[in-house]
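Below is one structure; the comments refer to it alone.
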Amino acid sequence: MTPTYDGYYIEGWAFIEDEKTDTPKVFIGITNVSGKIFYDTQTVDRYDLNSYFHKSHLEKGGFYTRIKTKDMVTGENKISVYLENKKIRKIIETDKIIIQP
């Protein structure tokens, strides 16, 4: 996560075990006392994932998005990742928290 003038830029990779990343959908979620909001992401080719995980067809597993400070509340804003690949859906709760003053 990198702070920007109006929020945060988030980039990374995510995939569902034993599934190809040909048609993944990745969303970044912010959870706080007001509820949960999800941001769409853009796919980034990550050819390093194949060799790192010793698997094939993970090159579409990279993503990036921007989240806005206005969607966060004062206090804790927890970051999660929501994945869809074919009919499989998975939410991953990360250990990332943005503290808004």
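The values are calculated or read from the model by the stated rules, or taken from the named source; none is laboratory data. Note that the coordinates shown come from a computational prediction; the quantities given were computed from them, not determined experimentally. Here Cβ is always computed from backbone atoms with ideal geometry, including for glycine, and neighbour counts include all displayed protein chains. Protein only, heavy atoms only, side chains kept; ligands, DNA and RNA dropped before computing areas. Shrake-Rupley method; radii C 1.70, N 1.55, O 1.52, S 1.80 Å.
Values for this structure:
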read-out: Extreme residue, nearest to the chain's Cα centre (by Cα), among residues of the stretch 79-94 that are farther than 18 Å from His57 by Cβ and of a type outside the set (Gly, Ala, Ser); value: Val81
read-out: Selection status of Glu76, touching a residue at least 40 places away in the same chain (Cβ under 8 Å) and open to solvent by 60 Å² or more (accessible area, probe 1.4 Å); value: yes
read-out: Search result, residues across the stretch 22-36 that are assigned to a strand (DSSP E or B), β-branched (Val, Ile, Thr) and over 12 Å from the mean Cα position of the chain (by Cα); value: Thr31
read-out: Matching residues, the stretch 72-87, being assigned to a strand (DSSP E or B) and either over 13 Å from Val26 (Cβ atoms) or touching a His at 6+ places or on another chain (Cβ under 7 Å) (or both); value: Gly75, Glu76, Asn77, Lys78
read-out: Count of residues meeting criterion [open to solvent by less than 90 Å² (accessible area, probe 1.4 Å) and closer than 17 Å to His57 by Cα] in the stretch 24-43; value: 3
read-out: Boolean, Glu19 is open to solvent by 40 Å² or more (accessible area, probe 1.4 Å), among the acidic types (Asp, Glu), outside any loop (DSSP other than H, G, I, E, B) and touching a strand residue (DSSP E or B) at 6+ places or on another chain (Cβ under 7 Å); value: no
read-out: Of residues in the stretch 1-16 being in contact with a strand residue (DSSP E or B) (Cβ under 7 Å, 6 or more places away or on another chain) and assigned to a loop (DSSP other than H, G, I, E, B), the one most open to solvent (accessible area, probe 1.4 Å); value: Met1
read-out: Verdict on Tyr52 being open to solvent by 30 Å² or more (accessible area, probe 1.4 Å) and without any contact (Cβ under 8 Å) to a residue 12 or more places away in the chain; value: yes
read-out: Pair list, Cβ < 7 Å and 6+ apart or interchain, from the stretch 56-71 residues that are at positive phi and surrounded by fewer than 18 Cβ atoms within 10 Å (Cβ to Cβ) to residues that are at pLDDT below 90 and not small (Gly, Ala, Ser); value: His57/Lys20; His57/Thr21; His57/Asp22
read-out: The stretch 79-99, subset within 17 Å of Tyr9 (Cα to Cα) and in contact with an Asp or Glu (Cβ under 9 Å, 6 or more places away or on another chain), residue most open to solvent (accessible area, probe 1.4 Å); value: Ile99
